[in-house]
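To keep things clear, I will list the structure first and then write my remarks on it.
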Amino acid sequence: MKSVSYIEFILNGSAVHLDFEKEGIKPGTTVLHYLRSCGLKAPKEVCGEGDCGACSVVLGSAGEDGKMHYKTLNSCMLFLPFLQGKELITTEYLDRGQLHPVQESLIEHHAIQCGYCTSGFAMSLFSLYKEVPQIDRNALDLALSGNLCRCTGYHSIYKAGIALNDYTDKDVFAKEEGQTLEKLRLLDNRALRVEVDSQLYLKPRDLADALKLRKAYPEASIVAGGSDLTLLQNKQDVEFRQVLDLSALEELKYYRDTETDFSWGAMLSVEDVFQRIPFPEWKYLLARFASKQIRNIATFAGNIANASPIGDTIPLLFAFDAKLRIASVSGERVIRVQDFITGYRQTNLQDDELIVGIVLPKYDAHTHIRSYKISRRTHVDISTLSAAFRMRIVEGRIEEAVLAYGGMAAMVKRADKVEDFLLGKPFSKETMLEAIPLVKETFTPLSDARASAHYRNEVAANLLLQYWEEINDCL
Ligand SMILES: Cc1cc2nc3c(=O)[nH]c(=O)nc-3n(C[C@H](O)[C@H](O)[C@H](O)COP(=O)(O)OP(=O)(O)OC[C@H]3O[C@@H](n4cnc5c(N)ncnc54)[C@H](O)[C@@H]3O)c2cc1C
Ligand code: FES
Ligand code: FES
């Protein structure tokens, strides 16, 4: 593998060649710290854990359609090598002698109060303005879900967002698009291998190299989106001695829709899956997964490999009986997500393996799948509990039942006894009422800051009724 010790990217219009070894900068430094050390102080460090959006920046990249595309990200959750080959935009670059429409609109609608959050809102509105032709309330909800205004200036901020529809002239970024694409094309995008300050950072360009490195460095921390790992660095002072960064593996960013299944690569972001997947139950769940900034970088593979009992994608993956493609230098194997997770944050991933893909089977019209996330807030909140149910109902009878619950045990767990009880029974409210005590017998959840065990048990059981109400309406 031909690798270099530097990255190249565009920062606010200018090409940057950042040689980690020469400049003595650890590659695991966050983009936020780097920017602030460069004197770019619009992005603020407030929570340092992806919750507030004050550090938001925009990453531009060349899309398959030959155009520039923009994503808002939390710079506090981003390792520097993620910038390689991209255009990094901070709020400072919006005003180019003339205010950008986003800035004009925020001023016009009195949507600027403090200096902490405004820059982040401007960045989220900027990518929305660039990517969404007609901005409505729903688009704003999704785009701003990761930006916190502590003085509750949302009404004005939303008005400023809607008013962006009135700016129909090309902005300066559209006028410069051709030049930007050319600048990006000239950047050196080679694989990265850097050792600074006892941190070895490896960023291969293709899967074959990634698998060799995985075998050679089994102790290395695998980074996909890094939304879980950067948190450990920021909040628990964890120092990553060896990092294997998979973010440049373009071959793992595919999405396929065949007659029998949907499948996607391990490096496709949660947001990209959210945009493409046609199932309403996935749309419902992913709209509530973290925030736009986190979804833009987080992956399903990271969520699954974490094996958290409250990993939001896992119950629905169980309900779909999703499978994982897992690769090593010796070949590939396929395993059900359900068999992959073996305990609290435990999986059966071997130390030379990587998750490379996710496969979701398609079901016939008799099969009804729903997912539920119970949390105190709609966005950027951890599940108190979650559930996903799949039933096949033919002529009013339950032919198949899968009930998967998150947050009710040390790992996501199926309610097997309840499933057995439901088989062959009529799909009726009475059946669901009879099943409720069995759900309560199945789990002994914990009481914690989010909810009591009693609350969790009651809600988990009652979700069966909710499912019945929803499905009964469409049978
Ligand atoms: C503000 C905030 C909000 C969040 N909200 C939610 C939420 O609503 N719901 C939820 O479920 N989670 C949430 N999370 C947690 C996190 O975003 C998810 O778990 C996410 O899916 C992790 O994906 P990642 O690609 O960022 O993982 P990373 O941080 O890159 O990696 C996570 C783990 O997976 C392993 N891994 C990653 N890719 C692979 C691979 N290809 N092969 C083998 N191992 C791999 C890594 O080694 C690591 O142990 C939130 C996090 C933050 C910071
Ligand atoms: S500082 Fe709050 S999200 Fe980055
Ligand atoms: S404007 Fe910054 S907290 Fe509301």
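Taking only C-alpha pairs under 8 Å that are 6+ residues apart, what is the relative contact order of the chain in percent?
12 percent
Could you work out how far apart the two model spin labels at Lys2 and Ala15 are, taking each label as a point 7 Å from the Cα in the direction of the beta carbon, and quote it in nm?
Result: 1.7 nm between the two label points.
Note down the Stokes-Einstein diffusion coefficient of the stretch 46-92 in µm²/s, whole number, using a Kirkwood radius over alpha carbon pairs, 20 °C, and 1.002 mPa s.
Once the numbers are plugged in, D ends up at 187 µm²/s.
What full-extension length gain, to one decimal in nm, is calculated for Asn165 and Glu104 as 0.36 nm per residue of separation minus the Cα-Cα distance?
The Asn165-Glu104 span can extend by a further 20.7 nm.
Got a sec? Charge dipole of the stretch 134-253, +1 on Cβ for Lys and Arg, -1 for Asp and Glu; which of Ile135, Thr180, Cys149 is way out at the positive end?
Projecting each Cα onto the dipole axis, the largest value belongs to Cys149.
So if I place +1 on the C-beta of Lys and Arg and -1 on the C-beta of Asp and Glu, and nothing else carries charge, what would the dipole magnitude of the stretch 99-228 be about its Cα centre? I want it in debye, nearest 20.
The calculated dipole for the stretch 99-228 is roughly 420 debye.
Let me check against my output: what whole-number percent is the relative contact order of the stretch 3-185, with C-alpha pairs under 8 Å and at least 6 apart?
25 percent
Using DSSP loop states and a limit of at most 13 other Cβ atoms within 10 Å to flag chymotrypsin sites (Phe, Trp or Tyr not before Pro), what is the longest stretch of the chain containing no flagged site?
Answer - 1-253.
Report relative contact order for the stretch 252-474 in percent, whole number only (criteria: Cα-Cα under 8 Å, sequence separation at least 6).
17 percent
Which angle from 0 to 90°, rounded to the nearest 10, does the C-alpha axis of helix 453-474 make with the longest principal axis of the chain?
Around 80 degrees separate the two axes.
Considering only C-alpha atoms, what is the centroid distance from the stretch 403-475 to the stretch 222-260, in Å?
The distance from the Cα centre of the stretch 403-475 to that of the stretch 222-260 comes to 33 Å.
Among the trypsin sites (Lys or Arg not before Pro) in the stretch 372-475, which ones are in a DSSP loop with at most 10 other Cβ atoms within 10 Å of the Cβ? Mind listing them?
Arg376, Arg377
Longest exposed-loop-site-free stretch of the chain, with GluC sites (Glu not before Pro), DSSP loop and at most 14 other Cβ within 10 Å?
65-218
For the stretch 142-239, compute Rh as the Kirkwood radius over C-alpha pairs and then the Stokes-Einstein diffusion coefficient at 10 °C and 1.306 mPa s; write the answer in µm²/s, rounded to an integer.
D = 85 µm²/s.
Over all directions, how big on average is the projection of the convex hull of the alpha-carbon atoms in the stretch 3-185, in square nanometres?
If I average the Cα hull's projected area over directions, I get 10.6 nm².
So if the hydrodynamic radius of the chain is defined as the Kirkwood radius over C-alpha pairs, what does Stokes-Einstein give as its diffusion coefficient at 37 °C and 0.692 mPa s, in µm² per second?
139 µm²/s
Quick one: Cys114, Cys151, fewest Cβ neighbours within 10 Å first, how do they rank?
Fewest to most other Cβ atoms nearby, the residues stand as Cys151, Cys114.
Quote to one decimal, in nm, the extra length available between Lys253 and Asp473 on full extension: 0.36 nm per residue of separation minus the C-alpha distance between them.
Full extension of this stretch gives 75.5 nm more.
Could you compute the net charge surrounding Met267? Neighbours are other residues with a C-beta less than 10 Å from the C-beta of Met267; K and R count +1, D and E count -1.
Neighbourhood net charge equals -2.
Quick one: putting +1 on the C-beta of Lys and Arg, -1 on the C-beta of Asp and Glu, what dipole do you get for the chain around its Cα centre, in Debye to the nearest 20?
Magnitude of the dipole: close to 440 debye.
No lab work stands behind these numbers, since they all come straight from the coordinates. Predicted model, so just to flag it, every value in this text is computed and none were measured. Quick reminder, even Gly has a Cβ in these numbers, built from the backbone with ideal geometry, and neighbours come from all protein chains shown.
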